[in-house]
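Structure record follows, encoded as structure tokens.
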Amino acid sequence: MKAIPSSDFLREFTIYAEQAADENEVFIIQRANSKNLVLMSMDKYNEYNKKLFLLKNRDETNDTEKNNA
């Protein structure tokens with residue numbers, strides 16, 4: 001994960017977009033007033049969401065099993 005100023009991101013958008021898409025790099029784009037953004041590939045985004053979904057379901061399953069015991 002790399003942090004970059006928004007001015008660099010705007011100036012070199014294509015380079016950062018290619019690194020995110022081709023190398024699965026994740027960028028934090030630093031903006032004024034701490035209104036930061038994250039740039040990542042769709043594959044990386046889907047991977048994070050899948051992990052989050054599985055973790056939530058695991059926790060819900062554990063809670064249900066505890067309540068039924």
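Where a number appears in this text, it was derived from the coordinates with a stated rule and is not lab data. These numbers come from a predicted model, not from an experiment. No Cβ is skipped: glycine too gets one built from the backbone with ideal geometry, and neighbour counts run over all protein chains shown.
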- For the chain, find the longest principal axis of its Cα atoms and tell me its angle to the long axis of helix 42-68, 0 to 90°, nearest 10. 20
- Message: For the chain, what does the helix formula give at 222 nm: sum of -39500 (n - 2.57) over DSSP H segments with n ≥ 4, over the residue count, nearest 500 deg cm²/dmol?
- Response: -21000 deg cm²/dmol
- By Cβ neighbour count within 10 Å, fewest first, Glu23, Glu47 rank Glu23, Glu47
- Query: In Å and whole numbers, how far do the C-alpha atoms of the chain stretch along each principal axis, longest first?
  - Reply: 58, 30, 13
- Message: To test your reading of the geometry: what angle, between 0 and 90 degrees and rounded to tens, separates the Cα axis of helix 13-23 from the longest principal axis of the chain?
- Response: 40
